[in-house]
Amino acid sequence: MNAHEVVGAAEWVNARKTLLEKEKAFTKAREALAVARRALPWERVEKRYLFDGPGGEETLSDLPGMSVFYRDESGGVFHTYSTFARGLDMMNTAYQILDLVPKGRDEAGLSQNMSWVRRRDEYGNQE
């Protein structure tokens, strides 16, 4: 990790207050984006998707996912939202925490985002 600026308490508090204003603006912008996201038009899902689930055959309306669907009272299914690639960041708790630490996500030079993730039995295997 490269050397980082070190300051006294008063200067740190001032810098933190400046960042806090940016964080508040970001929060307001994120909330406005969420309103716009919920206002997206819906697409009726006409095709019958079937999946092999642990309990047998399951339909699209039986499954959770990173695409968002709504089922109305009559059983109609609507595709309301999908997220791709970096759109998953908000749902990844690890990224929320890593964005607070000094090294951040530390993904520069990796073949793809999150290629640092390993299952518990894969820590001996490096890329």
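The values are calculated or read from the model by the stated rules, or taken from the named source; none is laboratory data. Worth saying up front: this structure is predicted, and the values here are computed from it rather than measured. Here Cβ is always computed from backbone atoms with ideal geometry, including for glycine, and neighbour counts include all displayed protein chains.
Take Arg38 and decide whether it is within 19 Å of Ser82 (Cα to Cα), touching a helix residue (DSSP H, G or I) at 6+ places or on another chain (Cβ under 6 Å) and surrounded by 10 or more Cβ atoms within 10 Å (Cβ to Cβ).
no
Specify which of the listed residues (Val68, Val13, Val7) is outside any helix (DSSP H, G or I) and more than 28 Å from Phe84 (Cα to Cα).
Val7 is the lone residue from the list that is outside any helix (DSSP H, G or I) and more than 28 Å from Phe84 (Cα to Cα).
Filter the stretch 90-107 down to residues that are closer than 19 Å to Leu19 by Cβ and either in contact with a helix residue (DSSP H, G or I) (Cβ under 9 Å, 6 or more places away or on another chain) or surrounded by fewer than 10 Cβ atoms within 10 Å (Cβ to Cβ) (or both), then give me how many there are.
Within the stretch 90-107, residues that are closer than 19 Å to Leu19 by Cβ and either in contact with a helix residue (DSSP H, G or I) (Cβ under 9 Å, 6 or more places away or on another chain) or surrounded by fewer than 10 Cβ atoms within 10 Å (Cβ to Cβ) (or both) number 10.
Can you tell which of Glu122, Glu73, Glu57 is of a type in the set (Asp, Glu), touching a strand residue (DSSP E or B) at 6+ places or on another chain (Cβ under 6 Å) and exposed (fewer than 13 other Cβ atoms within 10 Å of the Cβ)?
Glu57
Take Leu50 and decide whether it is within 20 Å of the chain's Cα centre (by Cα), of a type in the set (A, V, I, L, M, F, W, C) and surrounded by fewer than 12 Cβ atoms within 10 Å (Cβ to Cβ).
no
Consider Leu110 carefully, then state whether it is hydrophobic (A, V, I, L, M, F, W, C), surrounded by 13 or more Cβ atoms within 10 Å (Cβ to Cβ) and either in a loop (DSSP other than H, G, I, E, B) or in contact with a helix residue (DSSP H, G or I) (Cβ under 9 Å, 6 or more places away or on another chain) (or both).
Considered against the rule, which asks whether it is hydrophobic (A, V, I, L, M, F, W, C), surrounded by 13 or more Cβ atoms within 10 Å (Cβ to Cβ) and either in a loop (DSSP other than H, G, I, E, B) or in contact with a helix residue (DSSP H, G or I) (Cβ under 9 Å, 6 or more places away or on another chain) (or both), Leu110 comes out as no.
Within the stretch 44-61, is even one residue closer than 30 Å to Ser111 by Cα and either without any contact (Cβ under 8 Å) to a residue 12 or more places away in the chain or not in a helix (DSSP H, G or I) (or both)?
no
For the stretch 93-106, indicate whether the set of residues that are part of a loop (DSSP other than H, G, I, E, B), under 18 Å from the mean Cα position of the chain (by Cα), of a type in the set (Val, Ile, Thr) and modelled with pLDDT of 80 or more is non-empty.
yes
Filter the stretch 14-28 for residues that are among the β-branched types (Val, Ile, Thr) and modelled with pLDDT under 95 and give the result.
Within the stretch 14-28, just Thr27 meets the criteria.
Which of the residues that make up the stretch 68-86 are within 17 Å of the chain's Cα centre (by Cα) and without any contact (Cβ under 8 Å) to a residue 12 or more places away in the chain?
The answer is Phe84, and nothing else.
For the subset of the stretch 54-66 comprising residues that are at pLDDT 85 or above and touching a Phe, Trp or Tyr at 6+ places or on another chain (Cβ under 8 Å), which member is nearest to Asn92 (Cα to Cα)?
For the stretch 54-66, the residue satisfying everything is Glu58.
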